[in-house]
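For reference, the structure is listed below as structure tokens.
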Amino acid sequence: MNIKVLGAGCASCHALEERTVDALARIGAEASVEMVTDYGAILGYGVMSTPALVVDDTVMLSGRVPEVEELASILSAASPRPDGGRFTPGNRPDLRDLVVGLDATE
């Protein structure tokens, strides 16, 4: 799993990076975590609000720093399946169900 934290290097961006590392440890997943501060690269992901979390080139969240528990849920859903396969849009759990307070009808 390749994880990128997008942002200007502010306190919130570093907090997201630290919580992401903590969440990975909590779920026992291995991943590379990279801080991306280049504005061109950030805009290339279509992100308009930072910090943002990108997992395997998919923007998972933007504009906030969730708690470690929520990040663990998001990263669990995005990590490789136990059988060695990968979650795809057709078999990936609906991440909207993992985000507390998100109304799927919005």
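Assess whether R26 counts as being surrounded by 12 or more Cβ atoms within 10 Å (Cβ to Cβ), under 16 Å from V68 (Cα atoms) and more than 12 Å from the chain's Cα centre (by Cα).
Working: surrounded by 12 or more Cβ atoms within 10 Å (Cβ to Cβ): yes; under 16 Å from V68 (Cα atoms): yes; more than 12 Å from the chain's Cα centre (by Cα): yes.
Answer is yes for this residue.
For every residue, the table says whether it meets (1) in contact (Cβ under 8 Å) with a residue 12 or more places away in the chain; (2) in contact with a His (Cβ under 6 Å, 6 or more places away or on another chain); (3) in a strand (DSSP E or B); (4) on the phi > 0 side of the Ramachandran plot.
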{"residue": "V21", "(1), (2), (3), (4)": "yes, no, no, no"}
{"residue": "L24", "(1), (2), (3), (4)": "yes, no, no, no"}
{"residue": "A29", "(1), (2), (3), (4)": "yes, no, no, no"}
{"residue": "E34", "(1), (2), (3), (4)": "yes, no, yes, no"}
{"residue": "G46", "(1), (2), (3), (4)": "yes, no, no, yes"}
{"residue": "L53", "(1), (2), (3), (4)": "yes, no, yes, no"}
{"residue": "V59", "(1), (2), (3), (4)": "yes, no, yes, no"}
{"residue": "V65", "(1), (2), (3), (4)": "yes, no, no, no"}
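Identify the single condition in (1) exposed (fewer than 13 other Cβ atoms within 10 Å of the Cβ); (2) under 12 Å from the mean Cα position of the chain (by Cα); (3) at pLDDT 95 or above; (4) on the phi < 0 side of the Ramachandran plot that A11 does not satisfy, given that it satisfies every other one.
Single failed check for A11: (2).
The values are calculated or read from the model by the stated rules, or taken from the named source; none is laboratory data. Nothing here was measured: the structure is a model prediction, and the numbers come from that model. Heads up, the Cβs are rebuilt from the backbone with ideal geometry, glycines too, and the neighbour counts pull from every protein chain shown.
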